[in-house]
Structures are given as structure tokens and as C-alpha cells.
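What follows is a single structure, written as C-alpha cells, with notes after it.
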Amino acid sequence: MSSRPTQQSARPASAADDDALLGARPHRSGFACFVGRPNAGKSTLTNALVGTKVAITSDRPQTTRHTVRGIVHRPDAQLILVDTPGLHKPRTLLGERLNDVVRSTWAEVDVIGFCLPADQKLGPGDKFIAKELAGIKRTPKVAVVTKTDLVDSKQLAEQLIAISQLGAELGFEWAEIVPVSAVGNTQVELLADLLVPLLPEGPLLYPEGDLTDEPEQIMVAELIREAALEGVRDELPHSLAVVVEEMLPREGRPEGRPLLDIHANVYIERQSQKAIVIGSKGARLKHVGTVARQQIEALLGTPVFLDLHVKVAKDWQRDPKQLRKLGF
């Protein structure tokens with residue numbers, strides 16, 4: 001917390017009163033994770049709360065593969081959001097490892113936000129996750145009803161009732177049930193207001209101004225993967241992985257005109273998938289590079305030369321050695 005100015009008499013009384021109230025309020029800092037089945041809006045909500053893009057989004061399920069931390073700075077608190085992969089029935093070794101990531105994250109955070117889309121009735125996947133959450137006794141659980149912009153008030157009311165009953169059936173009470181729309185920026189700030197009191201008292205955990213602790217190289221790889229996921233066939237999203245091999249400033253550039261060279265490999269599992277990613281005469285890969293480069297330049301604040309290559313790593317989702325090589 002910053003100290004209060006000494007010359008308070010020169011300031012309006014209302015501002016001084018606000019500072020006094022803020023000074024009396026304990027500073028809180030801690031971790032909240034968003035969980036839910038795939039494509040429940042967790043990454044979009046994380047980005048909306050942080051105020052910038054720290055997690056990639058896609059309409060393809062199981063897009064998130066890492067625990068991404070987004071940092072929300074407030075005068076009275078620092079809220080660190082952990083966006084986890086969607087919990088699902090695993091069909092590969094990769095799927096098992098992603099589920100392990102989710103469960104280990106639950107054990108470490110201060111509050112759990114369970115994301116449930118407003119436009120979809122509660123299904124077996126939601127009930128499975130809720131049952132697992134019921135076994136975590138001490139951690140407060142907030143039901144976050146996402147995508148409220150896609151439903152009318154009647155549908156929303158029915159979903160809120162169903163979620164409340166789900167907690168009662170499993171023997172626990174939600175700390176809060178909060179309807180939000182990250183796309184419409186509806187009640188996103190209210191969600192932060194409700195999460196903060198559930199955090200422990202404590203000092204800053206990250207420097208002011210930091211928005212994520214995700215390494216730049218990982219974020220660049222994720223932006224490339226997000227661009228590559230656009231418009232691909234249903235079987236491809238889970239087979240795509242991206243590794244940034246090198247990020248180096250171009251030597252010999254004039255002062256004031258820097259250029260960052262990025263060399264990255266897009267991995268797929270089968271030779272037949274290569275043509276899908278590259279496209280006719282390389283058109284699709286070129287488009288992926290253009291879209292990703294624009295996002296990377298916005299992230300890093302510098303011009304970028306992006307060099308992409310597509311490689312086959314046969315059945316990498318099931319191969320422990322390949323998974324380690326690709327960062328899982």
C-alpha cells in the first residue's frame with residue numbers, strides 16, 4: 001500500500017475520507033483459479049479481468065494447456081488468476097497430464113471459480129467437476145455463470161437456480177453465484193469485488209504493473225497456436241503444438257528500428273495433417289504467420305520477423321518423450 005500524502009488539507013474532504021477508509025482496509029493478495037469443462041469461457045474471463053490478453057482463446061475445446069497466471073492490481077488487493085485447462089475425460093497421456101495440472105492447482109489456490117456457461121444446461125461434465133469440488137472442504141467456491149450475453153433473463157434465472165441446487169445436492173454452499181459476460185464486460189468488475197474478500201491478507205506477490213508471470217517465449221508460442229487453430233478441422237486442434245526455438249534481435253539494424261527474429265515450429269501428429277496446416281501453396285500457413293505476428297508485435301511492442309515451419313511428431317500426445325520435448 002502506498003502511504004497517504006501529508007498535505008491532506010489541500011485535497012477535497014471526500015478524497016481524504018476515501019484514503020482513510022482505504023488505509024483502514026487490510027491489503028489482500030492471493031490466487032483464484034477458474035475451472036470448468038472445456039470451452040466454458042475461462043480464458044476469455046481471465047483476459048477481461050486482467051484487462052489485456054494473457055490467455056489464448058478459441059471456440060475449440062481444450063485450447064488451454066498451461067496454467068496461465070493473470071494479475072489484477074487493485075488499491076486494496078492483488079488478485080492472481082490461474083486459468084487452467086478444462087477438466088475432461090482423458091483419451092491420451094496429454095489429457096491425463098492436463099487433468100493432473102487442474103487438480104494440483106485446486107490444492108494450491110485460495111478460492112476456486114467454477115465457470116458454467118449460461119447458454120448450456122448443466123451436464124454430466126459439470127456435475128463431475130462439482131462433485132470433485134465438494135471434496136475440497138476449506139477452499140471457498142464461487143459459481144461464475146459465463147456467457148450471459150447469449151441468453152434471456154428467463155434462461156439465466158433457470159441456470160442460477162439449477163446451480164444453486166447443484167451445490168445443495170452435493171452438500172456445500174457456494175460462497176457466491178455471479179452471472180457475468182466477459183464479451184459484454186457485464187459484472188466482470190463485480191466478480192473481482194466478490195473474489196477479493198475471499199483472499200488472505202498479505203503484501204504484493206508480484207511487482208506493480210506485471211500482468212502475467214508467463215514467460216514471453218511461451219506466450220509467443222501460444223499466440224501462434226491460437227492463430228493456427230482458426231478454421232481447422234475438428235480433429236486437428238488437439239494435435240497442434242508450437243515450440244519457439246529462438247527469439248533474437250536482428251543484428252545490424254539501425255538505431256530506433258529494431259527487429260526481433262522469431263523461429264518457431266508447429267508440430268502435428270501425422271503427415272496427412274501437414275497439408276491442412278500449410279494450405280494450398282502455403283497460403284494458410286502464411287495467413288497464420290500474419291495473424292500471429294500482429295498479435296506478437298502488440299504483446300512485445302516491437303516489429304517481428306516470424307519464421308514458421310511445420311513438423312511431424314508422430315503421436316506426440318501419447319509419447320512421454322515427445323511430451324517432455326514439447327513442454328508437457
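The values are calculated or read from the model by the stated rules, or taken from the named source; none is laboratory data. For clarity, every value in this text was computed on a predicted model and none was experimentally measured. Cβ placement follows ideal geometry from the backbone for every residue including glycine, while neighbour counts extend to all protein chains displayed.
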Matching residues, the stretch 292-319, being surrounded by fewer than 19 Cβ atoms within 10 Å (Cβ to Cβ) and not in a strand (DSSP E or B):
GLN294, GLU297, ALA298, LEU299, LEU300, GLY301, THR302, PRO303, LYS314, ASP315, ARG318, ASP319
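It is to be established whether one or more residues within the stretch 211-225 are over 30 Å from ARG284 (Cβ atoms) and either in contact with a strand residue (DSSP E or B) (Cβ under 8 Å, 6 or more places away or on another chain) or surrounded by fewer than 13 Cβ atoms within 10 Å (Cβ to Cβ) (or both). Break it down stepwise before answering.
Step one: filter the stretch 211-225 for residues over 30 Å from ARG284 (Cβ atoms), giving 211, 213.
Next, from what is left, pick out any that are either in contact with a strand residue (DSSP E or B) (Cβ under 8 Å, 6 or more places away or on another chain) or surrounded by fewer than 13 Cβ atoms within 10 Å (Cβ to Cβ) (or both): 211, 213.
Yes: the stretch 211-225 contains one or more residues that are over 30 Å from ARG284 (Cβ atoms) and either in contact with a strand residue (DSSP E or B) (Cβ under 8 Å, 6 or more places away or on another chain) or surrounded by fewer than 13 Cβ atoms within 10 Å (Cβ to Cβ) (or both).
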Residues that are aliphatic (A, V, I, L, M), modelled with pLDDT under 85 and part of a helix (DSSP H, G or I), drawn from the stretch 221-256:
LEU229
Which one of these is under 14 Å from VAL178 (Cα atoms) and under 16 Å from the mean Cα position of the chain (by Cα): VAL109, VAL144?
VAL144
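So that you can scan it fast, the table gives a plain yes or no per residue for (1) outside the structural domain of THR52 (by TED's automatic domain parsing); (2) surrounded by 12 or more Cβ atoms within 10 Å (Cβ to Cβ):
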site: ILE161; (1), (2): no, no
site: LEU170; (1), (2): no, yes
site: TRP174; (1), (2): no, yes
site: LEU194; (1), (2): no, yes
site: LEU205; (1), (2): yes, yes
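Restricting to the stretch 200-216, name every residue that is under 16 Å from the mean Cα position of the chain (by Cα) and touching a residue at least 12 places away in the same chain (Cβ under 8 Å). Reasoning before the result, please.
Looking only at the stretch 200-216, we keep the residues that are under 16 Å from the mean Cα position of the chain (by Cα), and these are 210-216.
Hits for the stretch 200-216 are ASP210, LEU211, THR212, ASP213, GLU214, GLU216.
Report yes if some residue within the stretch 274-291 is part of a strand (DSSP E or B) and exposed (fewer than 14 other Cβ atoms within 10 Å of the Cβ); otherwise report no. Before you say what the answer is, go through the steps one by one.
Of all residues in the stretch 274-291, those part of a strand (DSSP E or B) come to none.
No, the stretch 274-291 has no match at all.
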